[in-house]
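A short worksheet on the structure shown next.
Every read-out reported here was derived from the displayed coordinates using simple, explicitly stated rules and does not represent laboratory data. No experiment lies behind these values; they were computed from the predicted model shown. Virtual Cβ from ideal backbone geometry, glycine too; neighbours counted across all protein chains shown.
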């Protein structure tokens, strides 16, 4: 009898301790007066919700309008400036086409050589500045993720997903920051080397060299694509495993609290209320991060596609005029711009996919 009584006393003390621990959580889940924090730690994650260019409710009610709102108002002006930057290139090509009607047949090769060299000089500075813009954007994303992911990790842990929080601060954050830093370090020198090799190969008499440069550009883009798929597959598998671990832990906790009559039910109800609020907060923070990244990604990606389209137009003009070397050069330059777009899309895609996996899979 003494042992049974001791067990009952210990069980009552444990239940009282659980109730004392759950009381602050239940109070935090209850509606709070205006001006007070609804959930603990609001001072750390609220700035990310405030700086998001779109809200979750707006996207749910009007997805297309919200997506349009992500584009800045001066996007048209930026595109007009990009088009104006190619006015000199177009004027130079028109002058070359005009001179081709007056040049003798034997000197057409020299004109083609001059056209390729002049086009490379005119486009070099613009493409180098474009690469630096992409690197600056990648660096800003890296700094944003270094501040956001630890906060999001804390939200995941508070919402009953410690395994997902550890994974977010591990493979996702470290791998993405390493990728962004590597691209920022290697993109400008690789671009300058590619531009130099493209110019040298396209002004050469060997047509196979320009084809090799274009093949190298396509290979670089395909390599980035396969690397992104492999990293996304690793993130997906890791998220599946962490979701199962967190679900097992929650079920074990519900089983242990459910063994205590009345008090265990109260604890389960309070914990369910808190976890539901954390689940909503997790979704809101994830969408805020995606909206912030998309608001910076879409305008620059459209500008890159505009540069690629203008270079393709210059390539068609040179091909129609019979300036083969110059057409091959613009094809190589277009591959360089598409490579920049692929590098930026790789980091953006992994960041969006990793964040979406964190708040779409699992649950509180």
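As a calculated quantity, the FRET efficiency between residue 302 and residue 233 at R0 = 45 Å, using C-beta atoms, amounts to about 0.95. I'd like the FRET efficiency for residue 316 and residue 80, computed as 1/(1 + (r/R0)^6) with the beta carbon distance as r and R0 of 25 Å, rounded to 0.05. My answer for the efficiency is 0.70. Fewest-first ordering of 229, 137 by other beta carbons within 10 Å of each residue's beta carbon gives 229, 137. As a proxy for reagent exposure, ranking 139, 296, 153 by other Cβ atoms within 10 Å from fewest up yields 139, 296, 153. At 25 °C and a viscosity of 0.890 mPa s, what translational diffusion coefficient does Stokes-Einstein give for region 98-251, taking Rh as the Kirkwood radius over Cα pairs? Give it in µm²/s as a whole number. After rounding, the answer is 126 µm²/s.
Show me the ranking of peptides 347-359, 230-242 by mean Cβ neighbours inside 10 Å, starting with the highest. Before the final figure, lay out the partial values.
Working: 347-359: 21.8, 230-242: 15.9.
Result, highest mean first: 347-359, 230-242.
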